[in-house]
Amino acid sequence: GLQAFEEVLQQERQKVLTRGPLVDAIRDIAQRLTTAARHEGFLTGVQLPDQEMRWDVRVIDSKEQNAFCLPGGKIVVYTG
């Protein structure tokens with residue numbers, strides 16, 4: 001996951017947004033999702049143990065409509 005994440009960031013390095021209202025909103029959503037993913041009721045329902053993750057969220061300025069999460073807690077969101 002980390003290698004793929006770094007490859008995407010390298011390919012899109014000129015387009016990675018680091019601040020602004022859109023970045024703030026996406027990071028807020030990601031924070032709520034990652035918090036929910038650690039909720040005891042959710043973990044019990046999906047029968048998974050709680051795992052400590054180092055989440056890293058990046059936003060890429062692009063017409064592409066896509067978002068993905070890679071193993072290890074790496075999230076990429078395209079602005080399209």
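How many percent of DSSP beta bridges within the chain run antiparallel, rounded to 5?
Numbers: 6 of 11 bridges.
Taking every DSSP beta bridge with both residues in the chain, the antiparallel ones total about 55 percent.
Binning every alpha carbon pair distance of segment 15-58 at 5 Å from zero, what are the percents per bin?
5, 19, 24, 18, 14, 10, 7, 3
To the nearest 10 degrees, how steeply does helix 2-11 sit against the main Cα axis of the chain, on a 0 to 90 scale?
Roughly 20 degrees, rounded to the nearest 10.
Just the accessible area per residue of the chain, please: how many Å² with a 1.4 Å probe?
The answer is 75 Å² per residue.
Highest mean first, what order results for 15-23, 65-73, 43-51 on Cβ atoms within 10 Å?
Result, highest mean Cβ count within 10 Å first: 65-73, 15-23, 43-51.
At a threshold of 8 angstrom on Cα-Cα distance, excluding pairs fewer than six apart, so keeping six or more, what relative contact order does the chain reach in percent?
Answer for the chain is 34 percent.
Please give the length that would be gained between Lys15 and Arg54 if that part of the chain were fully extended, namely 0.36 nm times their separation in residues minus their C-alpha to C-alpha distance (nm, one decimal).
Values: separation 39, 0.36 × 39 = 14.04 nm, distance 2.28 nm.
Working it through step by step, the gained length comes to 11.8 nm.
For a test of the definition: using alpha carbon positions, the gyration tensor, and the 1.5 limit on a/c, classify the chain as rounded, prolate or oblate.
Working: a/c = 2.60, a/b = 1.75, b/c = 1.49.
The shape class here is prolate.
Under 5 Å between amide H atoms, partner at least 5 residues away or on a different chain: which partners does Leu17 have, H built in plane at 1.01 Å?
The answer is Val59, Ile60, Asp61.
For the chain, find the longest principal axis of its Cα atoms and tell me its angle to the long axis of helix 21-37, 0 to 90°, nearest 10.
So the helix axis and the longest Cα principal axis differ by about 20 degrees.
Could you point to the residue in Ile29, Gln51, Leu2 farthest towards the positive end of the chain's charge dipole, with +1 and -1 charges on the Cβ of Lys/Arg and Asp/Glu respectively?
Farthest along the dipole direction, towards plus: Ile29.
The values are calculated or read from the model by the stated rules, or taken from the named source; none is laboratory data. Because the structure is a prediction, the values reported are computed rather than measured. In this analysis, Cβ positions are derived from the backbone assuming ideal geometry, glycine residues included, and neighbour counts consider all displayed protein chains. For the accessible areas, the whole protein counts, side chains as well, though only heavy atoms, and no ligand, DNA or RNA atoms are used. Shrake-Rupley method; radii C 1.70, N 1.55, O 1.52, S 1.80 Å.
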